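Student: Here it is, the structure, as C-alpha cells.
All of the numbers you see were taken from the coordinates with simple rules; none came from a lab. Because the structure is a prediction, the values reported are computed rather than measured. Backbone-built Cβ (ideal geometry, glycine too); neighbour counts: all protein chains shown.
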Amino acid sequence: MAEVGRVVDGLRAYRLIGAMWIRSTMAYRASFAMTTIANFAVTGLDFVAILLMFSRIDVLGGWPLPEVAFLYGLSCVAFGLADLAIGSMERLGQRVRDGTLDTLLVRPAPVLAQVAADRFALRRLGRITQGALVLGYALGTVDIAWTPLKVLLMPVIVLSGAGIFCAVFVAGAAFQFVAQDASEVQNAFTYGGTTMLQYPPTVFGKELVRGVTFLLPLSFVNWLPAAYLLGRPVPLGLPRWVAFVSPLVAVACCALSGLAWRAGLRSYRSTGS
C-alpha cells in the first residue's frame, strides 16, 4: 500500500507541476504557437531527408517509401509522447552540478515526478503532430492485410514504444547521478535511438540489431511489431509472436529504470552550495 501511495503522490505532484507550466506557457500564446510550429518544422526535416533519398531510389534496404514512413511514424509518435511526458529528465545533470536538485529533495513530493514535470513543454506537441501526420499517410498507402488483432495492436505498439522511451529517459537520468555531465550520452540513446528506428533494420549490421533487441530493446518500439503488421520477415529470424511482447518489454524496462533511479538517488551527494 505504501508503494501505491507513493505512485499516487507522484502522479498528483506531476499533474500540479505540469499544470503550472502549462498556465505559464499559455500566458504567451503567440510564443507558444511559434515554438510549436518551429518544433513541427524542425522535426519534420528528418522525414524530408527520407523523401530526398527516395527521390533517387525506389526502395531502402528492401523497404518502399510507405513502409519506411510507417516505421518513421511509429517511432516519432512513440518518442514524442515520451519526450512530452518526461523529456525534462535530460536536464538532471545540470541540477546535480549546480546543486538545485537539493531544493527538490526537501519538497514533500517524489523527486522523479518533480524532475519529469519540470519545465513541461507543450511545444513538443509539434513532434507528435508531425509524426502522426506521417503515420496517417503511411496507413493510407501501405499494404497491410488488416485484421481485428492488427487494429488492436496499433495503439498498443505506440503506447508500449512510449513506455520504452520513458524508461530510457529515466535510466539516462539515473546515470547522470554518477556522470554529472552526461546529457549527450543520454541523447545518443533517446534522440539517436528514435532516429535509428526511422530506418529499416535491413540497413544496419546484425550486431547492431542484436544490441537494440537484447541489450537495449528499442527494436520492440517498431521494428518487430511492424514486421508482423507488414507481413515481413522478423529481424534476426525471431518468431512472429515477439510482435506482441512490446507491452511486457515496456513494463520490464520501466521497472529496471525505476531501480536504477532509486540507486542513483541514494548515491547523490549534495554540492553543499
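Student: To make sure I understand, if each residue's beta carbon is the centre and we count other beta carbons within 10 Å, what order do M196, M26 fall in, fewest to most?
Tutor: M26, M196
Student: A further question follows. Is it possible to state the helix-based mean residue ellipticity at 222 nm for the chain, with each DSSP H run of 4+ residues giving -39500 (n - 2.57), the sum divided by total residues, to the nearest 500 deg cm²/dmol? What is it? Before the final figure, lay out the partial values.
Tutor: Numbers: 12 runs with 188 residues, N = 273.
Per the formula, -22500 deg cm²/dmol.
Student: Stretch R6-S24 to full length: gain in nm at 0.36 nm per residue minus the Cα-Cα span?
Tutor: Stretched fully, the R6-S24 segment lengthens by 3.8 nm.
Student: For F214 and S31, FRET efficiency with R0 = 41 Å and r from the beta-carbon atoms, rounded to 0.05?
Tutor: Plugging the Cβ-Cβ distance into 1/(1 + (r/R0)^6) gives 0.40.
Student: Given a Förster radius of 51 Å and the C-beta distance between L122 and K206 as r, what FRET efficiency does 1/(1 + (r/R0)^6) yield to the nearest 0.05?
Tutor: Once the sixth-power term is evaluated, E becomes 0.80.
Student: How many angstrom lie between the C-alpha centres of the stretch 20-82 and the stretch 235-273?
Tutor: Answer, in whole Å: 25.
Student: First obtain the Kirkwood hydrodynamic radius of the stretch 11-267 from its Cα pairs, then insert it into the Stokes-Einstein equation at 20 °C and 1.002 mPa s, and state the resulting D in µm² per second as a whole number. All intermediate terms of the calculation are to be shown ahead of the outcome.
Tutor: Working: Rh = 19.1 Å.
Taking Rh from Cα pairs, D becomes 112 µm²/s.
Student: Name the chymotrypsin sites (Phe, Trp or Tyr not before Pro) in the stretch 59-163 that are in a loop by DSSP and that have at most 11 other C-beta atoms within 10 Å, would you?
Tutor: Taking the stretch 59-163 and a limit of 11 other Cβ atoms within 10 Å, the loop chymotrypsin sites (Phe, Trp or Tyr not before Pro) found are W146.
Student: Residues of the stretch 134-177 with amide nitrogen under 20 Å from the 7 Å Cα-to-Cβ point of S270?
Tutor: 177
Student: I've got another one for you. Please identify the trypsin sites (Lys or Arg not before Pro) of the stretch 190-273 that satisfy two criteria: DSSP loop assignment and at most 14 other Cβ atoms within 10 Å. Which are they?
Tutor: For trypsin sites (Lys or Arg not before Pro) across the stretch 190-273 that sit outside H, G, I, E and B with at most 14 neighbouring Cβ atoms in 10 Å, the list reads R269.
Student: State to the nearest 20 debye the size of the charge dipole of the stretch 11-267 about its Cα centre, where the only charges are +1 on K and R beta carbons and -1 on D and E beta carbons. Each step should come with its number before you reach the end.
Tutor: Details: 20 positive and 12 negative charges, 129 e Å.
Charge dipole of the stretch 11-267: 620 debye, to the nearest 20.
Student: How far apart, in nm, are two points set 7 Å out from the Cα along the Cα-to-Cβ line at M53 and at L236?
Tutor: For the pair M53/L236, the computed spacing is 2.2 nm.
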